[in-house]
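A short worksheet on the structure shown next.
The values are calculated or read from the model by the stated rules, or taken from the named source; none is laboratory data. Note that the structure is predicted; figures quoted are calculated from it, not measured. Counting neighbours? That spans all protein chains shown, and the Cβs are built from the backbone with ideal geometry, glycine included.
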């Protein structure tokens, strides 16, 4: 299954997917890495793993719809079936991009949505709120930020965490295991909508 | 530890606490049961267990502050240390009641707050949202409805649930185990505030 990974920062989930592929646990091929940030450390990960890296500098294309259309061009060029956002910090606003890849763009959010929806520091907010339990959500990307249909959720017990940073570290460790697994599930079946609920249908052997 | 239980409906958590006390698993004594609803089935549970039942009919006292002061009178009369809301469907609005029993009124909510905060059908909303995980929260009652400090949270996997009703049944089963345990913990230690976070300090033996 040809996929694209998009990230804006260090790309730790990007690396987790690469490593799962190498171990044979994720039946995907990363055709292209795309970033909006020329300084993203994830670019080094792409280079080290000989994955084509497309840098579409957000500062050079201030118009957000035009920017998204550049992203779409890159995705089209590599003919990917799944677009995996992994710490991609730009909200997709282009209807054309969203429609072309409907139910084919996924994101991971470090909370049990709808809790801490739209937050860029959901782990710290969960700690400050006093939560005992938080977690992660993998969802389809729609025009409702962090509000797309839920593909997968995993609870994480915060009992041992003494700071928001500890919560963030704990949740990202769970992300690194969960995200490659869910990417793999796309290669082995399909997700269908039942109302707002997502149902997984494994491919018949 | 003398406690009061307040409920408006069938009182299944009320019954769960009574049964835990009988089994010796909850070191509390229910001094009084209070309801705002003369038709509440929970009244029968109180009678069957010889627990004094105070019926303060919400229809007879439309002024909500006055109503709360009647609740306070009943609580004061029985000299309770902890007030346990168990399906009590009236929002406490009286500053006098809230202040007199600050950090001594607890509630249970069938979601992982802040998700589905303020909802009276949080289980069905979680199902309709497509959540894979929901749960329950036990929290202190403040003037912020469902927004008081979190004492305890428990995640519940909704994987097997096919309807919102199934979610509700699954979560209430967890409530019946969790609520008596947390009531018991109040008898064996104390909860203190660290910012918005709640910390439990067991009593020294």
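Those strands (runs of 3 or more DSSP E) of region A:88-205 that lie entirely within it include none in which at least 2 residues are on the phi > 0 side of the Ramachandran plot and in contact with a helix residue (DSSP H, G or I) (Cβ under 6 Å, 6 or more places away or on another chain). Among the residues of region A:100-141, those that are modelled with pLDDT of 95 or more, within 12 Å of chain B (Cβ to nearest Cβ) and under 16 Å from the mean Cα position of the chain (by Cα) comprise A:111, A:112, A:113, A:117, A:122, A:135, A:136, A:137, A:138, A:139, A:140. Listed by first and then second residue, the pairs with beta-carbon distance under 7 Å, at least 6 apart or on different chains, first residue in region B:92-109 and touching a residue at least 60 places away in the same chain (Cβ under 8 Å), second surrounded by 14 or more Cβ atoms within 10 Å (Cβ to Cβ) and not in a strand (DSSP E or B), are B:106/B:141; B:108/B:13; B:108/B:86; B:108/B:175; B:108/B:179. For residue A:194, the test of being surrounded by fewer than 22 Cβ atoms within 10 Å (Cβ to Cβ), farther than 18 Å from residue B:134 by Cα, modelled with pLDDT under 95 and within 10 Å of another protein chain (Cβ to nearest Cβ) is passed.
Take residue A:33 and tell me if it is touching a helix residue (DSSP H, G or I) at 6+ places or on another chain (Cβ under 8 Å), crowded, with 20+ Cβ neighbours inside 10 Å and in a strand (DSSP E or B).
yes
Going by the conditions given, is residue A:2 surrounded by fewer than 17 Cβ atoms within 10 Å (Cβ to Cβ) and within 27 Å of residue A:174 (Cβ to Cβ)?
Working: surrounded by fewer than 17 Cβ atoms within 10 Å (Cβ to Cβ): yes; within 27 Å of residue A:174 (Cβ to Cβ): yes.
So residue A:2 passes the test.
For residue B:153, are the conditions met, namely being touching a residue at least 40 places away in the same chain (Cβ under 8 Å) and more than 8 Å from chain A (Cβ to nearest Cβ)? I'd like the intermediate steps shown before the answer.
Numbers: touching a residue at least 40 places away in the same chain (Cβ under 8 Å): yes; more than 8 Å from chain A (Cβ to nearest Cβ): no.
No, not satisfied.
When the test is whether a residue is surrounded by fewer than 23 Cβ atoms within 10 Å (Cβ to Cβ), in contact (Cβ under 8 Å) with a residue 60 or more places away in the chain and within 14 Å of chain A (Cβ to nearest Cβ), residue B:187 does not pass it. Tell me yes or no: at least one residue of region A:12-26 is part of a loop (DSSP other than H, G, I, E, B) and closer than 21 Å to residue A:96 by Cα. No, every residue in region A:12-26 fails to be part of a loop (DSSP other than H, G, I, E, B) and closer than 21 Å to residue A:96 by Cα. Of all the residues in region B:59-85, those that are surrounded by fewer than 16 Cβ atoms within 10 Å (Cβ to Cβ), in a loop (DSSP other than H, G, I, E, B) and without any contact (Cβ under 8 Å) to a residue 40 or more places away in the chain number 4.
Only a single criterion out of (1) modelled with pLDDT of 95 or more; (2) within 14 Å of chain A (Cβ to nearest Cβ) is not satisfied by residue B:159, namely (1).
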